[in-house]
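Trainee: Here it is, the structure in full.
The values are calculated or read from the model by the stated rules, or taken from the named source; none is laboratory data. Everything numeric in this text was worked out from a predicted model, so none of it was measured. Positions of Cβ are generated from backbone atoms using ideal geometry, with glycine treated the same way; all protein chains shown enter the neighbour counts. These accessible areas exclude ligands, DNA and RNA; they are computed on the full protein's heavy atoms, side chains included. Shrake-Rupley method; radii C 1.70, N 1.55, O 1.52, S 1.80 Å.
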Amino acid sequence: MNVGLFIPCYVDQFYPKVGIATLRLLESLGVNVIFPMEQTCCGQPMANSGFQSLSVGCDRNFIRNFANCDVVVGPSGSCVLHLKDHLHSDENPAEATRLRNNVYELCEFLTDVLKVSELPKARFPHRVGLHTSCHGQRGLHLSSMSELMAPKFSKPETLLRMVDGLDLIQLSQPDECCGFGGTFCVFEEAVSSKMGKDRVADHLRHGAEVITGGDMSCLMQLEGVLRRQKAPVRVMHIAEILTAEN
Amino acid sequence: MAETSTRDTILAAIRRGKPDLLPLPDPIGFPPNITPDNLVESFMTMVKTNGGRAIRVSSMDEAKAFLATDYDLSLPVLSHVPGLDISNFTPAEELRLLDTLHLVVLEGIVGVAENAAIWVDEAAMGIRVLPFITLNLSIVISEKNLVGNMHEAYPRIDTSVGFGTFIAGPSKTADIEQSLVIGAHGSKTLTVFIME
Amino acid sequence: MKTASPKHATAAETFVRDEENTDWHNETLWFVRSKRDRAAQTIPEWEALREQASQIKNHALSNLDNYLIQLEENARRNGITVHWAANGDEHNQIVYDILRKHNATKIVKSKSMLTEECHLNPFLIKQGIEVIDTDLGERIIQLREEPPSHIVMPAIHLKKKHIGDLFHKHLGTDAGADDPQYLTEAARIHLRQKFLMADVAITGVNFAVAETGGFVVCTNEGNADLGVHLSKVHIACMGIEKVIPKAEHLGVFLRLLARSATGQAITTFSSHFQKPAPGQEMHLVLVDNGRTRQLASPDFRNSLKCIRCAACMNTCPVYRRSGGHSYHSAVAGPIGSILAPNIDMNEYADLPFASTLCGSCSNVCPVKIDIHQQLYKWRQVLGAAGAVEPAKKVGMAGMDALFSRPWLYRFAGRAGRWLMQTFPSLANKPGLNPWAIHRDMPQPPEQSFRDWYAQQNKKTNG
């Protein structure tokens with residue numbers, strides 16, 4: 001199985017360490033990873049702003065890049081959800097459909113496809129707050145949702161529980177949105193920032209040393225607030241924690 | 001004439017725009033989560049949750065004794081419950097005069113254990129405004145008329161009557177800062193007698 | 001085409017500026033959401049119940065013409081006069097004609113989002129008619145001369161102190177008194193007189209039943225019933241989407257409505273109106289006002305399933321932190337944001353963007369409207385219609401140009417990171433970058449992931 005590593009544009013530019021951790025994690029689990037060098041963006045920023053119609057070039061580039069991959073895996077629930085729901089091609093609809101059906105968020109790929117049941121080397125002796133990202137949760141169903149009357153589960157949490165020494169904290173509102181919301185974070189700056197502040201406060205109140213999650217965009221939002229507050233708390237993508245060995 | 005054409009325009013627009021016929025679920029509703037031996041207890045708990053008071057009695061005299069203790073029965077009282085003869089008030093034609101009513105006692109037709117809603121219809125009220133205009137309301141319901149949930153209630157009520165209502169507690173509001181206040185516009189208290 | 005200003009964002013910014021009040025508003029509504037969760041947890045079949053409700057509504061919409069005809073026939077047989085209105089103006093005129101026929105000058109009205117949508121109150125008041133809203137929350141905002149900020153709790157944006165001052169001014173309560181019990185009692189006495197003097201009562205409709213020709217009105221306060229049963233004339237106003245096939249279906253909806261709305265097992269009064277009382281007149285006004293247009297749109301028609309419980313507002317993290325008035329439409333929050341653009345696409349072009357698309361609204365919806373998906377779809381419609389700011393469109397076209405050319409993307413990424421490293425104060429300047437008003441920008445790394453990856457490969461291969 002050829003796994004195409006999809007590194008979202010903002011992770012590529014701002015958080016290369018997340019890409020590196022994702023690659024190392026997959027390779028450590030014996031996966032044959034390909035990183036198509038000409039990949040860029042999933043097209044979500046345009047689509048969420050009302051211009052899905054303008055993301056044609058973006059979609060074409062994505063399909064061209066991942067044509068040789070059996071599956072695509074990316075460390076971002078939001079970008080993966082966008083691809084799953086909206087990747088489109090008039091020229092090659094069959095290929096677009098194939099990719100839509102074979103794109104995975106990192107955690108679900110680990111738990112559902114690789115069926116990872118232990119991470120013997122992983123060690124991270126810290127108090128960690130898990131930020132549940134909306135698109136991963138409510139879109140990709142990576143975990144149960146507080147609104148639904150259904151059995152509880154969480155794929156990211158299952159993985160974090162495999163990490164030695166990790167102390168997962170409980171939050172008052174475990175699945176409240178962080179307020180990033182793509183272009184919402186600038187067009188609705190006031191509400192977006194307030195949501196970010198409130199989310200950070202929940203983690204701080206419960207003694208988090210590190211806030212983690214499966215979506216770097218949410219974590220970028222929380223990091224922005226943490227750094228502005230000069231709070232002694234870091235954000236780390238879940239791939240970084242699952243590959244931590246100290 | 002204008003109305004007829006509006007009607008036809010709306011109906012034509014619906015016909016143009018509606019999707020193909022979608023099926024109704026079958027069956028409708030769910031079996032109750034409350035077992036028959038728990039009906040009374042669940043019902044009574046929910047009456048309290050709704051802000052009312054539930055009392056189990058074995059005779060009308062017992063109910064009457066409770067009412068006589070709790071309310072001044074020399075004030076205007078109207079009972080439409082056979083056997084609970086405490087009326088001292090003859091309603092006049094003018095509905096506004098009912099504003100002085102201190103206590104109204106009505107017969108409940110069906111009570112729902114899941115939410116303590118009690119169906120009272122026009123026949124049981126006599127005058128529609130009675131349960132709403134009175135300061136205090138009491139409903140007498142026979143234990144055998146309790147059901148588990150709303151799905152069980154509907155087949156047992158006559159929805160062709162002119163008016164009927166499910167009453168679940170005294171009137172209430174939380175419109176000021178979400179603070180629950182019992183006694184908004186309607187009755188300020190509800191006492192439910194469950195007759196064995 | 002005229003383009004809309006970012007109204008919600010501007011109003012929200014003003015709202016959020018009072019952080020203490022924002023926290024209070026957020027927590028108050030979250031409290032209601034929590035009550036909803038607890039109520040839903042008592043029903044093991046909750047999700048299946050939602051599914052049934054959704055299917056009943058979908059079915060009713062797919063046969064709407066026939067159910068409306070059946071409703072009309074049965075209602076007329078019951079002695080109810082049925083009227084049809086194409087829009088808000090026709091609706092208001094129908095109501096006014098009934099009032100004129102009876103020389104009515106004093107009206108009591110219980111909550112109806114439809115009449116709010118049609119702006120009935122201002123219309124009637126202009127004709128010299130006294131219209132008193134009798135729901136406590138609605139009376140409060142009526143005295144303050146502002147619109148409701150929430151469809152179930154119209155005065156949820158106000159603190160008891162505001163209401164104490166308001167009642168002191170209008171109802172003569174003690175200065176500084178703000179005990180909810182005391183204020184509610186004052187409103188009761190004030191409104192009891194209005195009930196007793198009213199000529200006509202106007203109510204909304206929660207559900208109309210085709211099979212029986214009747215309709216159901218739900219309240220906790222009993223205000224709809226007091227008004228109706230004391231008046232010679234009852235006018236009930238409903239959107240055409242409120243009709244359901246059978247009385248037994250009410251069992252499904254009444255189990256969901258109050259639990260979703262306030263966490264109560266059922267509203268205090270669920271009144272089934274079938275026939276006018278002896279000597280009384282009963283009117284039912286069926287209103288389209290854009291609903292047939294919404295029905296004709298496969299993407300948006302299922303918004304017509306809405307039973308107006310407001311669960312989507314209580315759960316919405318944006319609504320909770322921006323207040324109902326920031327939505328500047330009769331129905332606020334997520335559901336309002338997918339209903340309003342159908343009424344006026346330009347006026348409400350900002351609303352589908354007042355969301356992070358987190359999806360919580362769709363999950364709490366008792367009739368399973370895919371609200372957040374419709375928000376996304378409205379964005380596409382608005383984008384295509386040119387109803388969003390032109391600058392945004394240029395920006396998005398530029399973005400696609402960037403992302404479809406990997407070399408340009410690589411260059412821009414490098415240049416961007418270099419700029420941020422060289423001039424960090426520029427990137428963090430709030431005037432240039434709205435992000436930076438309350439948040440720091442990420443620290444740009446030396447190298448992108450792909451640069452690192454290329455280097456690694458060179459090492460291994462070289």
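Trainee: Please work out which residue is nearest to the other protein chains (Cβ to nearest Cβ), limiting yourself to region C:39-58 and to residues that are open to solvent by 50 Å² or more (accessible area, probe 1.4 Å) and part of a helix (DSSP H, G or I).
Mentor: Of everything passing the filter in region C:39-58, C:Gln55 is nearest to the other protein chains (Cβ to nearest Cβ).
Trainee: Kindly establish whether A:Thr132 is surrounded by 24 or more Cβ atoms within 10 Å (Cβ to Cβ) and β-branched (Val, Ile, Thr).
Mentor: Yes; evaluated as a whole, the condition is true for this residue.
Trainee: If we scan region A:82-91, do we find a residue that is without any contact (Cβ under 8 Å) to a residue 40 or more places away in the chain and open to solvent by less than 70 Å² (accessible area, probe 1.4 Å)?
Mentor: Taking every residue of region A:82-91 in turn, at least one turns out to be without any contact (Cβ under 8 Å) to a residue 40 or more places away in the chain and open to solvent by less than 70 Å² (accessible area, probe 1.4 Å).
Trainee: Could we say that B:Asp175 is part of a loop (DSSP other than H, G, I, E, B), free of Cβ contacts under 8 Å to residues at least 40 places away in the same chain, open to solvent by 10 Å² or more (accessible area, probe 1.4 Å) and more than 7 Å from chain C (Cβ to nearest Cβ) here?
Mentor: Answer is no for this residue.
Trainee: Restricting to strands (runs of 3 or more DSSP E) lying wholly in region B:1-107: which have 1 or more residues that are among the polar types (S, T, N, Q), under 30 Å from C:Leu196 (Cα atoms) and touching a Leu at 6+ places or on another chain (Cβ under 9 Å)?
Mentor: B:77-79
Trainee: If a residue must be open to solvent by 10 Å² or more (accessible area, probe 1.4 Å) and over 22 Å from B:Pro31 (Cβ atoms), how many such residues does region B:138-172 contain?
Mentor: Of the residues in region B:138-172, 5 are open to solvent by 10 Å² or more (accessible area, probe 1.4 Å) and over 22 Å from B:Pro31 (Cβ atoms).
Trainee: Among the residues of region B:3-23, what is the count of those that are out of contact with any strand residue (DSSP E or B) (no Cβ under 7 Å at 6 or more places or on another chain) and either open to solvent by less than 60 Å² (accessible area, probe 1.4 Å) or charged (D, E, K, R) (or both)?
Mentor: Taking region B:3-23 first, the residues out of contact with any strand residue (DSSP E or B) (no Cβ under 7 Å at 6 or more places or on another chain) are B:4-5, B:8-9, B:11-23.
Those still in the list that are either open to solvent by less than 60 Å² (accessible area, probe 1.4 Å) or charged (D, E, K, R) (or both) too: B:8, B:11-20.
Number of matching residues: 11.
Trainee: Just give me the residues in region B:22-34 being over 15 Å from C:Thr42 (Cβ atoms) and either under 22 Å from the mean Cα position of the chain (by Cα) or in contact (Cβ under 8 Å) with a residue 24 or more places away in the chain (or both), in sequence order.
Mentor: B:Ile28, B:Gly29, B:Pro31
Trainee: In region C:259-283, what residues are under 30 Å from C:Gln93 (Cβ atoms) and more than 7 Å from chain B (Cβ to nearest Cβ)?
Mentor: Those that are under 30 Å from C:Gln93 (Cβ atoms) and more than 7 Å from chain B (Cβ to nearest Cβ): C:Pro276, C:Pro278, C:Gly279, C:Gln280, C:Glu281, C:Met282, C:His283.
Trainee: Right, here's the next one. Restricting to region A:173-221, name every residue that is in contact (Cβ under 8 Å) with a residue 40 or more places away in the chain and among the basic types (Lys, Arg).
Mentor: A:Arg199
Trainee: I'd like to know if region B:138-154 contains one or more residues that are at pLDDT below 95 and within 8 Å of another protein chain (Cβ to nearest Cβ).
Mentor: Within region B:138-154 (the criterion being at pLDDT below 95 and within 8 Å of another protein chain (Cβ to nearest Cβ)), the answer is no, since none of the residues qualifies.
A quick yes/no check of all residues on (1) open to solvent by less than 10 Å² (accessible area, probe 1.4 Å); (2) in a helix (DSSP H, G or I); (3) at pLDDT 95 or above:
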{"residue": "C:Arg192", "(1), (2), (3)": "no, yes, yes"}
{"residue": "C:Phe195", "(1), (2), (3)": "yes, yes, yes"}
{"residue": "C:Ile202", "(1), (2), (3)": "yes, no, yes"}
{"residue": "C:Cys218", "(1), (2), (3)": "no, no, yes"}
{"residue": "C:Glu221", "(1), (2), (3)": "yes, no, yes"}
{"residue": "C:Val228", "(1), (2), (3)": "yes, yes, yes"}
{"residue": "C:Met238", "(1), (2), (3)": "yes, no, yes"}
{"residue": "C:Leu250", "(1), (2), (3)": "yes, yes, yes"}
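Trainee: Let me ask another. I'm checking my understanding of the structure. Among residues of region C:265-286 that are surrounded by fewer than 23 Cβ atoms within 10 Å (Cβ to Cβ) and not hydrophobic (A, V, I, L, M, F, W, C), which one is nearest to C:Cys309 (Cα to Cα)?
Mentor: It comes out as C:His283.
Trainee: Take region C:66-91 and flag every residue that is assigned to a strand (DSSP E or B) and buried (at least 18 other Cβ atoms within 10 Å of the Cβ).
Mentor: Selection gives C:Ile80, C:Val82, C:His83, C:Trp84, C:Ala85.
Trainee: Next question, about the same structure. Which number in (1) over 30 Å from C:Val285 (Cα atoms); (2) within 22 Å of the chain's Cα centre (by Cα); (3) open to solvent by 10 Å² or more (accessible area, probe 1.4 Å) marks the one condition that C:Arg36 misses?
Mentor: (3)
Trainee: Now a separate question. Can C:Gly137 be described as modelled with pLDDT of 95 or more, small (Gly, Ala, Ser) and more than 25 Å from C:Ala311 (Cβ to Cβ)?
Mentor: Taking the combined requirement at face value, the residue does not satisfy it.
Trainee: Which condition breaks for C:Asp135 when tested against (1) closer than 19 Å to C:Ala201 by Cβ; (2) out of contact with any helix residue (DSSP H, G or I) (no Cβ under 8 Å at 6 or more places or on another chain)?
Mentor: (2)
Trainee: Still on this structure: Would a scan of region A:39-53 turn up a residue that is open to solvent by less than 40 Å² (accessible area, probe 1.4 Å), at pLDDT 95 or above and among the hydrophobic types (A, V, I, L, M, F, W, C)?
Mentor: no
Trainee: Within region B:105-123, does at least one residue satisfy the condition of being out of contact with any helix residue (DSSP H, G or I) (no Cβ under 8 Å at 6 or more places or on another chain), more than 9 Å from every other protein chain (Cβ to nearest Cβ) and in contact (Cβ under 8 Å) with a residue 60 or more places away in the chain? Step through it out loud before you land on a result.
Mentor: Step one: list which residues in region B:105-123 are out of contact with any helix residue (DSSP H, G or I) (no Cβ under 8 Å at 6 or more places or on another chain), which gives B:118, B:121-123.
Filter again for more than 9 Å from every other protein chain (Cβ to nearest Cβ), leaving B:118, B:123.
Filter again for in contact (Cβ under 8 Å) with a residue 60 or more places away in the chain, leaving B:118.
Yes, region B:105-123 contains a residue that is out of contact with any helix residue (DSSP H, G or I) (no Cβ under 8 Å at 6 or more places or on another chain), more than 9 Å from every other protein chain (Cβ to nearest Cβ) and in contact (Cβ under 8 Å) with a residue 60 or more places away in the chain.
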